[in-house]
1. Out of segment 198-218, which residues are assigned to a strand (DSSP E or B) and surrounded by 13 or more Cβ atoms within 10 Å (Cβ to Cβ)?
2. Kindly provide the set of residues from segment 288-301 that are closer than 22 Å to Glu450 by Cβ and either among the acidic types (Asp, Glu) or in contact with an Asp or Glu (Cβ under 6 Å, 6 or more places away or on another chain) (or both), ordered by number.
3. Name the single residue, out of those in segment 554-585 being open to solvent by less than 70 Å² (accessible area, probe 1.4 Å) and closer than 20 Å to Asp431 by Cα, that is modelled with the lowest pLDDT.
4. Which residues, taken from segment 385-428, are open to solvent by 10 Å² or more (accessible area, probe 1.4 Å), under 22 Å from Met491 (Cα atoms) and at pLDDT 95 or above?
5. Suppose we filter segment 328-355 for residues that are open to solvent by 30 Å² or more (accessible area, probe 1.4 Å) and farther than 19 Å from Met238 by Cα; how many remain?
6. Restricting to segment 515-531, and then to whatever is in a loop (DSSP other than H, G, I, E, B) and within 21 Å of Ile381 (Cβ to Cβ), can you tell me which residue is most open to solvent (accessible area, probe 1.4 Å)?
7. Is segment 367-379 home to any residue that is open to solvent by 40 Å² or more (accessible area, probe 1.4 Å), among the polar types (S, T, N, Q), part of a loop (DSSP other than H, G, I, E, B) and at negative phi?
8. Return yes or no: is Phe551 open to solvent by 80 Å² or more (accessible area, probe 1.4 Å), without any contact (Cβ under 8 Å) to a residue 40 or more places away in the chain and among the aromatic types (Phe, Trp, Tyr)?
Amino acid sequence: LPGMQTSRSKPCSCPSFKLREVASMYFTMIAVFLVILVVALQGSVPRGSDFPYKVPLDPQGLLELSWNVSYPEQAVHFQLLVRDLQFGLLFGMSDRGEFENADLAVLWSDGHNSYFGDAWSDAKGQLHMDSQQDYQLLGARRAPEGLYLLFRRAFSTCDPKDYLIEDGTVHLIYGILEKPVHSLQAINISAIHRGLQRVQLLKPNITVPELPSDMKTMEITAPDVVIPSQETTYWCYMAELAEDFPKHHIIMYEPVITAGNEALVHHMEVFQCAAEFDSFPHYNGPCDSKMKPDRLNYCRHVLAAWAMGAQAFYYPKEAGLAFGGPGSSRYLRLEIHYHNPLVFKGRRDSSGIRLYYTATLRRYDAGIMELGLVYTPVMAIPPGEDAFLLTGYCTDKCTQLALPAAGIRIFASQLHTHLAGRKVVTVLSRDGRERQVVNADGHYSPHFQEIRMLKEVVAVFPGDELITTCTYNTEDRSRATVGGFGILEEMCVNYVHYYPQTQLELCKSAVDPGYLHRYFNLVNRFNDEEVCTCPQVSVPQQFFSVPWNTFNRDVLKSLYGFAPISMHCNKSSAVRFPVRIASQP
């Protein structure tokens with residue numbers, strides 16, 4: 001299907017063509033004549049502990065999805081609670097949350113009987129019964145709180161109509177049928193109440209470390225705020241540690257969500273402020289308010305980050321994240337993203353993050369390192385691009401200088417772009433060969449960013465390279481998108497969490513500015529429209545005046561692929577290790 005190649009084209013072991021043809025006819029007959037009568041299925045609701053992951057699908061909380069992951073079976077088991085069932089629902093997955101070219105499980109009723117089936121939608125949004133039924137209904141049961149549906153789906157099927165469930169973000173979609181329908185084909189998906197939810201379905205199977213007996217907890221929560229009656233709000237609240245709070249290790253954290261607001265609290269982060277300031281003003285209000293003190297912009301060191309659907313975050317038994325003590329600010333900033341599309345009024349909230357910490361310091365301090373691209377306008381994306389790649393390097397020269405001989409261990413990662421980002425991947429290269437994927441998200445969304453524990457710890461040694469590539473889509477933009485801090489500018493970052501902590505805090509690159517100057521001169525030689533290369537004109541202004549024909553696009557891609565790079569190999573003090581210009585790996 002168009003637009004679904006990344007999700008549906010992976011190889012797997014399939015029946016031969018003739019067997020496949022027979023199977024197709026067989027499943028078509030099942031779909032048409034032997035539909036599954038849901039009301040006839042009975043069974044006990046599985047225990048909540050069988051489904052450790054849970055997320056509300058819709059803002060009202062009428063649909064609640066729970067799931068577990070079986071890596072031996074290569075399958076996901078879903079439990080969907082429908083609190084107010086009317087005449088059915090759609091649940092499924094698509095590349096970026098569209099209802100076209102989607103892979104769906106559908107429950108529908110004609111007013112007398114209810115039916116369940118595996119379906120797909122075409123490029124126009126028309127539903128079709130799938131000839132291969134890969135959403136396997138395992139049970140259904142009515143309970144006082146609603147209808148429970150239990151079904152199973154393999155990660156990968158041999159069906160070209162099916163979505164490939166893989167690591168990273170999955171865009172789940174849902175629709176609610178409010179009127180009876182006589183057939184699957186009669187469902188008009190453009191006329192139903194529908195929406196999407198982003199989750200990481202394939203959670204890592206990690207053993208929870210034993211927690212120390214002297215562990216304490218601290219809650220950084222909003223002080224009973226009234227959630228604004230608008231769709232999107234970022235709320236900031238300042239908290240502070242006790243004046244003589246000694247050094248501790250954070251070893252775990254988890255969300256604290258006010259009951260009833262589970263569908264409104266989209267994500268949360270706790271930042272520590274810069275130690276060079278003796279004090280920070282108190283603040284409790286919208287993060288974009290003109291009343292917010294400017295000094296709060298210096299509270300950017302991430303201590304904890306949670307997004308909807310995430311569970312508790314555990315540090316490895318060897319390490320903890322240091323806070324408190326000399327050289328550590330006692331001021332913290334809580335940031336909560338409220339997503340309130342139904343514009344509820346008067347909802348009060350005291351959500352936040354609970355930190356688990358210990359005075360018995362572990363063997364290593366954990367550190368956070370920035371990989372990817374420097375925040376600079378010399379890295380730009382032309383308008384009208386469907387998949388433009390930019391790559392940032394942490395070179396062998398930097399790791400050789402900055403990492404200890406025994407190396408470091410990366411155990412978690414948070415990918416970050418702004419609104420045009422579509423994919424992010426970081427790979428480890430050793431001796432000129434790609435050895436391991438550190439973290440990858442082929443369905444990345446800038447609206448769903450969380451710190452993710454890695455399935456396996458990645459060892460990085462002096463002389464290794466860490467290469468981060470971001471894919472952008474600017475089809476809706478009429479001028480170039482440059483790198484920078486603004487939301488309509490772009491970033492390409494992977495915040496990796498590792499131990500033992502080193503002085504290396506930032507290992508990023510950008511194209512050498514001198515070669516970009518040559519690019520603008522080349523554009524002027526082959527185009528009638530002049531790009532001013534005089535010193536008083538900024539790089540963004542130069543990019544904005546480039547006529548974006550095929551030649552200028554291709555030359556820019558080549559420049560980013562082959563020109564020398566400027567390395568930023570920075571200590572936490574912002575002092576650089578002595579690495580500057582380098583050729584691309």
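The values are calculated or read from the model by the stated rules, or taken from the named source; none is laboratory data. Source: prediction; values computed, not measured. No Cβ is skipped: glycine too gets one built from the backbone with ideal geometry, and neighbour counts run over all protein chains shown. The accessibility values were calculated without ligands, DNA or RNA, using every heavy atom of the protein model including side chains. Shrake-Rupley method; radii C 1.70, N 1.55, O 1.52, S 1.80 Å.
1. Taking segment 198-218 first, the residues assigned to a strand (DSSP E or B) are 198-200, 216-218.
The answer is Arg198, Val199, Gln200, Met218.
2. At the first step, the residues of segment 288-301 found to be closer than 22 Å to Glu450 by Cβ are 288, 299-301.
Within segment 288-301, Asp288 is the sole residue that qualifies.
3. It comes out as Ala582.
4. Scanning segment 385-428 gives Glu385, Asp386, Ala387, Leu389, Thr391, Tyr393, Arg422, Lys423, Val425, Val427.
5. The initial filter retains those residues of segment 328-355 that are open to solvent by 30 Å² or more (accessible area, probe 1.4 Å), namely 328, 330, 335, 339, 341-348, 350, 354.
Cutting the leftovers down to farther than 19 Å from Met238 by Cα gives us 339, 341-347.
Number of matching residues: 8.
6. First, the residues of segment 515-531 that are in a loop (DSSP other than H, G, I, E, B): 527-531.
Add one more test, that the residue is within 21 Å of Ile381 (Cβ to Cβ), and what stays is 527, 529, 531.
Numbers: Asn527: 24, Glu529: 109, Val531: 1 Å².
Among them, the one singled out is Glu529.
7. No, the conditions are met nowhere in segment 367-379.
8. On the way: open to solvent by 80 Å² or more (accessible area, probe 1.4 Å): yes; without any contact (Cβ under 8 Å) to a residue 40 or more places away in the chain: yes; among the aromatic types (Phe, Trp, Tyr): yes.
Taking the combined requirement at face value, the residue satisfies it.
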